[in-house]
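Below is one structure, written out as structure tokens, with a few remarks after it.
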Amino acid sequence: MKLRISSRLATFAVDKLQILLRMPDALIATTAPASKINLLGMTRAQLESFFTDIGEKKFRAQQVLKWIHHQGVRDFQDMTNLGKTLRDRLSETAEIAPPIIDSQQDSADGTRKWAIKVAGGALVETVLIPEGDRATLCVSSQVGCSLDCKFCSTGKQGFQRDLTAAEIIGQVWLAIDSYDGWQSGKGRVVTNVVMMGMGEPLLNFDNVVSSMELMCDDLAYGLSKRKVTLSTSGVVPALDQLADFSDVSLAISLHAPNDAIRDQIIPINKRYPIANLLSSARAYIDAQMDKKRVVTIEYTLLAGVNDQVEHAQELAQLLDGFPCKINLIPFNDFPQSGFKRPSGNAVSRFWKVLMEAGFIVTVRTTRGDDIDAACGQLVGEVNDRTKRAARYRAQYEEMDTIEG
Ligand code: SAH
Ligand code: SF4
């Protein structure tokens, strides 16, 4: 039996979808009932169809895209290169509706974190981490997550719903708007995006792909594909399709050198084991025009679970010849996590084995900073106590460094 889970993806065999079927909502991009059509999440092609469907010329899409994503304009009446009749018509039937900022926190080190209220009232987190002339935005793709990785507090929340494309790209829009960065001339507010917030991006395929398309479209945010990164814990059938729709950078949440360990901490591994995941990731990279691209292997170090020298040796063997760089992340603890962060010595030992084996390895000790301390309070029921902002920082500063 076959089931179509998205308009973009090919059909998957149902038996491969049990993990999705546990959460039927994962199959549906939920949108709030709205009388007006929200143009914020529409790609160039979608907006072109929207305009041709209402009897307008295609190039209107280009004009409107620039107003929304270059100028931050939400009121159609301010779109001065559209005729009055069209402006009125759009005002009546359409809207540009970003999600709402519920609260914002600024760290002394410049990190800004928002709790964002999406339709239905759920909260998700978005974090901007400025670093020199770069600023990386960590974007959420779902409310909660169905994959239940054992060391992840988002996983412990369970899955509520997918974010719409407007809610995903809306996080970029809001970040820029929050700095009044539309035409500031002060440099770009967001230079890099990582799909590493709440949720598993490949389980919200269409909306994530559309949003990443806008991130990279010159008429929208114009980011290079190297500066937009999708991170996945291994939804292999969706990863197998990704190259047909996107060419962004890829990060794999590996976190284990063998299936026995990965099965215990990342349940989806039982369905799509490491060998399948790595070969799918390799195929994705091989499909890219730029032959120098590599996969980022994320490896969260959990004391006594995956942080021993023999694990590092096994990882080195596993990744021998695989086009990657490795990012080691000491576990960020949260209450009742059941895991511990390894000692600094254990992290160094692990790092050294991989370095000596010839890998590019980055490691960053998480900095607990002022806003992380209040992380759980910021998002209320989301209550992510994993110091997510610090985690993002640890991961992405390093990724940027090696990506140059
Ligand atoms: N769902 C995607 C992206 C979001 S999670 C994924 O799993 O890849 C972003 C990264 O943070 C992943 O590598 C995830 O494994 C890691 N992570 C989750 N909880 C963590 C924790 N408590 N400490 C350190 N890293 C964690
Ligand atoms: Fe979901 Fe990623 Fe957390 Fe796993 S690590 S539960 S895939 S958000």
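Any read-out appearing in this document is the output of simple, stated calculations on the displayed coordinates, not a laboratory observation. Nothing here was measured: the structure is a model prediction, and the numbers come from that model. Cβ placement follows ideal geometry from the backbone for every residue including glycine, while neighbour counts extend to all protein chains displayed.
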(request) Please work out how many pairs of lysine residues in region 203-359 are eight or more positions apart (or on different chains) and have Cα atoms closer than 24 angstrom. (result) 11
(request) For an R0 of 51 angstrom, estimate the FRET efficiency from the Cβ-Cβ distance between D78 and A287 and round to the nearest 0.05. (result) 0.80
(message) Please arrange L123, L214 by how many other C-beta atoms lie within 10 Å of their C-beta, fewest to most.
(response) L123, L214
(message) Could you list Y284, Y179 so that the one with the fewest beta carbons within 10 Å of its beta carbon is first and the one with the most is last?
(response) Y179, Y284
(request) In whole Hz, with x marking every Gly and Pro, tabulate ³J(HN,Hα) for region 55-60 from phi via Karplus 6.51 cos²θ - 1.76 cosθ + 1.60, θ = phi - 60°. (result) x, 9, 6, 4, 5, 4
(message) How far apart, in nanometres, would the label points at K57 and Y179 be if each is projected 7 angstrom from Cα along the Cα-to-Cβ direction?
(response) 3.6 nm
(request) Would you mind computing, in nm to one decimal, how far apart the modelled labels at A243 and K117 are, each placed 7 Å from Cα along Cα→Cβ? (result) 4.5 nm
(request) May I ask for the distance between the Cα centers of region 35-50 and region 139-162, given as a whole number of Å? (result) 28 Å
(message) Taking the number of other C-beta atoms within 10 Å as the exposure measure, put F76, F245 in order starting with the fewest.
(response) F245, F76
(request) Quick one, can you get me the convex hull of the C-alpha atoms of region 271-361 expressed as volume per residue in Å³? (result) 113 Å³
(request) Collect residues whose amide H, placed 1.01 Å from N in the peptide plane, falls under 5 Å from the amide H of V194; neighbours closer than 5 in sequence don't count. (result) L137, C138, V139, T229
(message) Can you report the principal axis dimensions of region 100-398 using only the alpha carbons, biggest first, rounded to whole angstrom?
(response) 50, 43, 36
